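The values are calculated or read from the model by the stated rules, or taken from the named source; none is laboratory data. None of these values were measured; they are calculated from a predicted model. FYI the Cβ positions are ideal-geometry reconstructions off the backbone, even for glycines, and counts take in every protein chain you see.
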Amino acid sequence: MVKPLLGNRLAPITFTCAFLENALDDTVKAYAGWHKKLGNRVRKSNVAGDLGDMLLRLAPLANPQDKYLFVETVSGWTALFVNGAGGADVSSPGGYLCELCNCRGIAVQCIPDRSLPGHPAGLQIYGAVIFRCFGPEPTGVSIVRNVERVVSAMNDGGTWRFVTEGPVQPYEELEAYARRRVVDRFTPDMLERYCQARGIDFFNPAFYGTRGTVFHHRYSRVPHLMTLEEAQSRLFLDPLA
């Protein structure tokens with residue numbers, strides 16, 4: 001069974017990540033140019049250390065998300081993590097950056113289900129295992145213009161749904177898609193294997209380098225902020241496996 005990234009010590013930040021098949025410096029340059037053109041107020045900071053050290057630079061969590069961390073990896077991919085408190089969105093910026101950088105990308109989610117009623121101070125989160133592939137050009141596969149392939153098993157407000165879009169990839173385990181329980185049709189172990197087939201070792205801290213860049217957006221209205229400890233105490237009513 002796959003082990004969560006950093007043992008979920010920094011969850012929910014590590015539940016969601018995007019990867020761009022592009023060098024860190026080129027990706028950072030494209031992101032900075034994109035927001036400069038839009039006139040957004042963004043502060044850029046170069047960071048270094050192990051993955052855990054760099055991810056801590058995303059704290060506190062914010063709604064809407066206001067910090068974006070790009071991290072080099074030992075392969076040709078650059079990772080993107082964000083600090084969303086109300087559900088992190090890496091697909092929108094990751095997908096658009098694929099067009100800007102003329103590269104392919106992957107967005108993944110691996111969220112344990114915590115949707116059952118619990119303590120009144122707790123927050124429900126709905127489980128999801130999602131693998132989404134992007135290309136450098138529009139595809140017409142999905143409402144997201146450059147999506148190439150999606151495989152998803154998620155708790156959609158209390159009902160588990162399994163969805164696929166786009167052409168099947170050669171590494172997919174198609175026999176699993178017929179399993180009776182929706183939650184078993186696309187599992188974290190399958191997500192790991194799909195990522196590895198594309199040269200991405202998402203759950204392995206050793207896959208990530210020691211160099212990164214944080215972009216901190218300054219909004220006219222201050223986001224709702226939550227410390228990592230507050231988020232974990234409200235989201236996780238029992239220890240994560």
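Assorted remarks:
This table checks each residue for (1) under 30 Å from Asp184 (Cβ atoms); (2) touching a residue at least 12 places away in the same chain (Cβ under 8 Å); (3) part of a strand (DSSP E or B); (4) not hydrophobic (A, V, I, L, M, F, W, C).
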{"site": "Lys44", "(1), (2), (3), (4)": "no, yes, yes, yes"}
{"site": "Asp53", "(1), (2), (3), (4)": "no, no, no, yes"}
{"site": "Ala62", "(1), (2), (3), (4)": "no, yes, yes, no"}
{"site": "Ala88", "(1), (2), (3), (4)": "yes, yes, no, no"}
{"site": "Cys110", "(1), (2), (3), (4)": "yes, yes, yes, no"}
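- Of all residues in segment 90-106 being assigned to a loop (DSSP other than H, G, I, E, B) and out of contact with any Leu (no Cβ under 7 Å at 6 or more places or on another chain), the one that is farthest from Val71 (Cα to Cα): Asn102
- Checking Leu10, Leu38, Leu61, Leu24 one by one, the residue that is crowded, with 23+ Cβ neighbours inside 10 Å and among the aliphatic types (A, V, I, L, M) is Leu61 and no other.
- Here the strands (runs of 3 or more DSSP E) wholly within segment 148-226 that include at least 3 residues being within 19 Å of the chain's Cα centre (by Cα) are 159-165, 208-217.
- Members of segment 202-223 that are touching a helix residue (DSSP H, G or I) at 6+ places or on another chain (Cβ under 6 Å) and either modelled with pLDDT under 95 or surrounded by fewer than 17 Cβ atoms within 10 Å (Cβ to Cβ) (or both): Pro205
- Members of segment 45-55 that are surrounded by fewer than 14 Cβ atoms within 10 Å (Cβ to Cβ) and closer than 18 Å to His217 by Cβ: Ser45, Asn46
- Where a residue in segment 91-102 is closer than 17 Å to Leu24 by Cβ and in contact (Cβ under 8 Å) with a residue 24 or more places away in the chain and its partner, wherever it lies, is hydroxyl-bearing (Ser, Thr, Tyr) and surrounded by 21 or more Cβ atoms within 10 Å (Cβ to Cβ), with Cβ under 7 Å and at least six apart: Pro93/Tyr68; Leu97/Thr27; Leu97/Tyr31; Cys101/Thr27
Quick grid of which residues meet (1) touching a helix residue (DSSP H, G or I) at 6+ places or on another chain (Cβ under 9 Å); (2) among the hydroxyl-bearing types (Ser, Thr, Tyr); (3) more than 25 Å from Glu137 (Cα to Cα); (4) modelled with pLDDT of 95 or more:
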site: Phe19; (1), (2), (3), (4): yes, no, no, yes
site: Gly33; (1), (2), (3), (4): yes, no, no, yes
site: Gly52; (1), (2), (3), (4): yes, no, yes, yes
site: Arg57; (1), (2), (3), (4): no, no, yes, yes
site: Tyr68; (1), (2), (3), (4): yes, yes, no, yes
site: Val71; (1), (2), (3), (4): yes, no, no, yes
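- Condition broken by Ala88, with the remaining ones in (1) modelled with pLDDT under 95; (2) over 16 Å from the mean Cα position of the chain (by Cα); (3) buried (at least 18 other Cβ atoms within 10 Å of the Cβ) satisfied: (2)
- Of all residues in segment 147-185, those that are of a type outside the set (Asp, Glu), surrounded by 14 or more Cβ atoms within 10 Å (Cβ to Cβ) and over 19 Å from Asp113 (Cβ atoms) total 7.
- Gly7 in a helix (DSSP H, G or I) and at pLDDT below 95: yes
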